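The values are calculated or read from the model by the stated rules, or taken from the named source; none is laboratory data. Nothing here was measured: the structure is a model prediction, and the numbers come from that model. Using ideal geometry, Cβ is built from the backbone for each residue, glycine included, and neighbour counts are taken over all protein chains shown.
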Amino acid sequence: MLKANFSKQLDRFPLNVNINLGNEIAVLSGPSGSGKTTTLNCIAGLQHPDDGFIQLGGNVLFKGKQKPAPVQNRKVGYVFQNYALFPHMTVKKNIEYGAKDASLTSQLIDAVGIDHLMNKYPAQISGGEKQRVALARALATQPNLLLLDEPFSSLDHQTKVQCQQELVRLHKLWKIPILLVTHDRHEAESLGHRILHIEKGVLKEDK
């Protein structure tokens, strides 16, 4: 369970977030510059709120003026929009980076269908393959929460649909909260158990 209630002053407006997320897929939508990525970054620990709290399970990640939990201790998986794979590492090394369990890593590689890519480098694989590698790498850390920032935006339609189906299947297996950012209304409605909309820093849930 993710519980987050925090505020952060952005350049043009204050960001106010109040989210309670169980083992479900919640989609965060809204126009560019509305605070979507900042919300994910605050939960992941890459940025810090000005006030409030963030709690994941029994672990307090952020609370007011207390020292925030370090990124590496938060048990949060993050798939960035550009995938952020290490270019100098093979696919295998990328996935093993931060992995907790070799047998789980092997299962993930099979689950997302990338066993044939192990010795390739990120520059040698397609966008859809990079997305699968990034997803496997994030899950290999055994996170209690998965964040995805527009992970399908650069993919062609067929690859996008395949990767969306893969995400839904993996969610059923892992049963952890997932918070996914998208601009695509159809994607939000097809993937999300809940749809959250943010505009000018104000977060509301679509009914």
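Below are the figures for this structure:
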| item | result |
| --- | --- |
| Enumerated strands (runs of 3 or more DSSP E) restricted to the range 139-207, each holding at least 2 residues that are free of Cβ contacts under 8 Å to residues at least 24 places away in the same chain and under 30 Å from residue 12 (Cα atoms) | 202-205 |
| From 146, 155, residue being modelled with pLDDT of 85 or more and either touching a Cys at 6+ places or on another chain (Cβ under 8 Å) or crowded, with 17+ Cβ neighbours inside 10 Å (or both) | 146 |
| Exclusive hit being within 22 Å of residue 1 (Cα to Cα) and over 14 Å from the mean Cα position of the chain (by Cα), set 120, 75, 160, 172 | 172 |
| All positions within the range 158-170 that are surrounded by fewer than 17 Cβ atoms within 10 Å (Cβ to Cβ), β-branched (Val, Ile, Thr) and farther than 16 Å from residue 183 by Cα | 168 |
| The range 24-47: number of residues that are in contact (Cβ under 8 Å) with a residue 40 or more places away in the chain, surrounded by fewer than 16 Cβ atoms within 10 Å (Cβ to Cβ) and not charged (D, E, K, R) | 2 |
| Residues (over 21 Å from residue 147 (Cβ atoms) and surrounded by 15 or more Cβ atoms within 10 Å (Cβ to Cβ)) located in the range 82-92 | 90, 91, 92 |
| Hits in the range 146-170 - residues which are within 21 Å of residue 107 (Cα to Cα) and charged (D, E, K, R) | 166, 169 |
